[in-house]
Amino acid sequence: MKLIIAANWKMHKTAAETVAFCHDFCRNLERYKGIDILLCPPFTALDAAADALSGTTVKLGAQNIYWENEGAFTGEISAPMLLEHRVEFVIIGHSERRHLMGETDSQVHKKMRSALNSGLRPILCVGETEEERKQQATASVLERQLRGALEGLDPAETESLVIAYEPVWAIGSGQAASADDAEEAALLIREMVKKLLGERSAAGLRIQYGGSVKDSNIGLFVRMPSIDGALVGGASLQAESFRALISAAGDSLAEGK
Ligand code: PGA
């Protein structure tokens, strides 16, 4: 399975800063052909990013979507609007949206449906909080989030899904999950996708780990048999650190799983 490493910039970088990043970052990326590399800037920088990335292999993603195509939904952005800005992927259900903005499983489901119906490729985020982990509820939280997001989707539309396992306590904390714990979660995620959407969706699924990923630990994750990439926040904000991370993933891939 081709690795997919995505930069989630959250609320960082203006359009001008995005262009500067892209020019710096996109030099000599040919040797990472075996990795899908993806930038997810804020909405306001999407168009600038699309221009700066044109002619490169780096793909473009958004960080959120609304499920209606148009209407009286002040401040929201729909699938057709993202597609107009040459967006290919969209992050859905990030824990900051779930926990800071109150996004529910049923809203996540509607966003998944809208993205898939319009041809955008969702990166669905799931993961437990520290409290849930202490209560040993990780598996039941993942099951609830996956069922909420995926149940009832058309299996024909979900043959190349990306799901990011992002334990909330690991995000931005400097304390990543262990590779073994991430692998265990990834196995559970694949099993649930098989149950909810069938064999083909489970076989085509790519699972990322996210939460304090950097160049010094990415190799541990991508070497695990069920992990196919990473969703990266802090370490993706500087071109140099993101390149170092991709290069470390590439080296580790060359050594084999
Ligand atoms: P982090 O963020 O790499 O800064 O921990 C990851 C994410 O929120 O997707």
Non-local residues with an amide H under 5 Å from the amide H of GLN208, with H modelled 1.01 Å from N and Pro and chain starts lacking one, are ILE163, ALA164, TYR165, ASP228
Under 5 Å between amide H atoms, partner at least 5 residues away or on a different chain: which partners does ILE77 have, H built in plane at 1.01 Å?
TYR66
Please list 3J(HN,Hα) in residue order for segment 124-130, calculated via the Karplus relation 6.51 cos²θ - 1.76 cosθ + 1.60 where θ = phi - 60°; whole Hz, with x for glycine and proline.
7, 9, 9, x, 8, 7, 4
All lysines inside 29 Å of LYS110 as judged from Cα atoms, apart from same-chain residues fewer than 8 positions distant
LYS2, LYS10, LYS13, LYS59, LYS194, LYS195
If packing is taken as the average count of other Cβ atoms within 10 Å, what order do 160-169, 131-140, 194-203 fall into, highest mean first?
160-169, 194-203, 131-140
Hand me the GluC sites (Glu not before Pro) from segment 59-126 located in a DSSP loop with no more than 16 other Cβ atoms within 10 Å, in residue order please.
GLU68, GLU70, GLU76, GLU88
Of the chymotrypsin sites (Phe, Trp or Tyr not before Pro) in segment 47-94, those whose Cβ has at most 15 other Cβ within 10 Å and which sit in DSSP loop
PHE73
Helix-only estimate, please: 222 nm mean residue ellipticity of the chain, summing -39500 (n - 2.57) across DSSP H runs of length 4 or more and dividing by its residues, to the nearest 500.
-12500 deg cm²/dmol
One can check that the equivalent ellipsoid of segment 1-99, built from the alpha-carbon gyration tensor with semi-axes equal to the square roots of five times its eigenvalues, has lengths in Å, largest first, of 24, 15, 13
Quick one: P(r) of segment 160-257 from all Cα-Cα pairs, 5 Å bins, percents rounded to integers, in order of increasing distance.
3, 15, 24, 24, 18, 11, 5, 1, 0
Size descriptor, Kirkwood hydrodynamic radius, that averages inverse alpha-carbon separations across segment 147-197, Å
12.4
For the chain, just list the percent of Cα-Cα distances falling in each 10 Å bin from zero outward, please.
7, 33, 39, 19, 2, 0
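Just so you know, all these numbers are worked out from the coordinates, no wet-lab data involved. All values reported here derive from a predicted model rather than from experimental measurement. Note that we place each Cβ from the backbone using ideal geometry, even for glycine, and neighbour counts take in every protein chain shown.
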